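The values are calculated or read from the model by the stated rules, or taken from the named source; none is laboratory data. Everything numeric here is computed off the predicted structure, so don't read it as measured data. Glycine also receives a Cβ, built like all others from the backbone with ideal geometry; neighbour counts cover every protein chain displayed.
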Amino acid sequence: MNREAVHVEAMHISVCICTYKRPDLLRRLLTDLGRQETGGLFAYSIVVADNDRLESAKSVAAEFAAASPIAVRYCIEPQQNIALTRNKALANAGGDFIAFLDDDEFPARDWLLTLFKTCQERNVDGVLGPVKPHFDQETPQWVVDGKFYERPNYPTGFVIDGRQGRTNNVLFRKRIIPSGAPAFRPEFRTGEDQDFFRRMIDLGHVFVWCNEAVAYEVVPPVRWKRSFMLRRALLRGATSPAHPGFGARDIAKSVIAVPAYAVGLPFALVLGQRWFMTLLVKLCDHMGRLLMVVGINPIHEPYITE
């Protein structure tokens, strides 16, 4: 066996999960992570970073660790902040590679192997994959038709930019994380992953898309609620002024969009719930942005859970 083969087999991946009060979904995710194929190319372990100071994920992590040969490290970030929680996970990750999944997702059985092989074969710093919505229960047709939980996909090998970067399905080399500063910046309540990828790309690191490395996002009934969708849109809009490059053009766009969408709402309602909610979500995105610009924070919670 040559030295290169030994090196590949010695690779280790730390799969990081940031979680907040979703024990049942976390249990499902851990179960599927325990079944990942490796092709003999790497070993892997799991880091569960709990953002609940009451440790609601601890028993789930312990239960899985007791029944699985996969090593699990549990840690807590008591301050409710997704960026701090991601940093806590990284601090407890010992692998050559870091993978991230959200706690409301579950991966295909070859998910990790596909990401790893793509990263090695294309000699890049990281690989992202698609997240497809999964409905366990019968869902209102307007939610499905509106594609509220569908995300953009790209051809395999597509080089992403900072706007397309996200941590809900990603593998990257741990060596790219800069020392001396937090990888994820805590001033971002959402969009901390886009900020991370933007900064890494500015440093010269390359990330590509792999459309075969699939993860699924569970969309429970609470996310069908209109109030959930609108509050999430307000939060998303309120965080956009923190992003580099945000400026007068973005403000002007929102100033125009808010009255335009408001005028269009009655007409959209006639067309059906799908179109009405699509327009209303966009309106709340722009409203959240404008409110934050004038110093009004429309959403104070760190997470929108219900």
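Which of the following residues is assigned by TED's automatic domain parsing to the domain that holds Glu187 and either closer than 22 Å to Glu37 by Cβ or of a type in the set (Phe, Trp, Tyr) (or both): Ile98, Ile82, Ile76?
None of the other options fit; the residue is Ile98.
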Exercise. Do we have any residue at all in the stretch 196-211 that's part of a loop (DSSP other than H, G, I, E, B), at negative phi and among the polar types (S, T, N, Q)?
Worked result: yes
Problem set entry | Test result for Val281, in contact with a His (Cβ under 7 Å, 6 or more places away or on another chain) and not assigned by TED's automatic domain parsing to the domain that holds Gln79 | no
Problem set entry | Tally, over the stretch 83-100, of residues that are in contact with a helix residue (DSSP H, G or I) (Cβ under 6 Å, 6 or more places away or on another chain) and part of a helix (DSSP H, G or I) | 1
Exercise. Taking the stretch 155-194 as the search range and keeping residues that are among the acidic types (Asp, Glu) and modelled with pLDDT of 90 or more, which one is nearest to Asp102 (Cα to Cα)?
Worked result: Asp193
Exercise. Among the numbered criteria (1) buried (at least 19 other Cβ atoms within 10 Å of the Cβ); (2) over 22 Å from Gln164 (Cα atoms); (3) in contact with an Asp or Glu (Cβ under 6 Å, 6 or more places away or on another chain), which single criterion is violated by Val222?
Worked result: (1)
For this session: Would you be able to say whether some residue in the stretch 253-270 is in contact (Cβ under 8 Å) with a residue 60 or more places away in the chain, part of a helix (DSSP H, G or I) and surrounded by 15 or more Cβ atoms within 10 Å (Cβ to Cβ)?
Result: no
Exercise. Quick check: is even one residue across the stretch 117-125 over 18 Å from Ile13 (Cα atoms) and of a type in the set (Asp, Glu)?
Worked result: no
Problem set entry | Criterion: at pLDDT below 95, within 20 Å of the chain's Cα centre (by Cα) and buried (at least 20 other Cβ atoms within 10 Å of the Cβ) - qualifying residue of Ala93, Ala83 | Ala83
Problem set entry | Given (1) surrounded by fewer than 17 Cβ atoms within 10 Å (Cβ to Cβ); (2) among the hydrophobic types (A, V, I, L, M, F, W, C); (3) touching a residue at least 60 places away in the same chain (Cβ under 8 Å), number of the condition Phe246 does not satisfy | (3)
Problem set entry | Test for Ala62: is it more than 18 Å from Leu171 (Cα to Cα), modelled with pLDDT of 95 or more and either among the acidic types (Asp, Glu) or surrounded by fewer than 21 Cβ atoms within 10 Å (Cβ to Cβ) (or both) | yes
Exercise. Where residues in the stretch 222-239 are of a type in the set (A, V, I, L, M) and more than 17 Å from Phe135 (Cβ to Cβ), which of them is modelled with the lowest pLDDT?
Worked result: Ala238
For this session: Within the stretch 140-153, identify whether any single residue is touching a residue at least 12 places away in the same chain (Cβ under 8 Å) and either over 18 Å from Trp224 (Cβ atoms) or not assigned by TED's automatic domain parsing to the domain that holds Arg166 (or both), and answer yes or no.
Result: yes
For this session: For the stretch 105-133, enumerate the residues that are in a helix (DSSP H, G or I), under 11 Å from Cys210 (Cβ atoms), out of contact with any Gly (no Cβ under 8 Å at 6 or more places or on another chain) and in contact (Cβ under 8 Å) with a residue 24 or more places away in the chain.
Result: Phe116, Thr118
Problem set entry | Where a residue in the stretch 185-213 is among the acidic types (Asp, Glu) and its partner, wherever it lies, is surrounded by fewer than 18 Cβ atoms within 10 Å (Cβ to Cβ), with Cβ under 7 Å and at least six apart | Glu187/Ala242; Glu192/Arg185; Asp195/Arg185; Asp195/His243; Glu212/Thr156
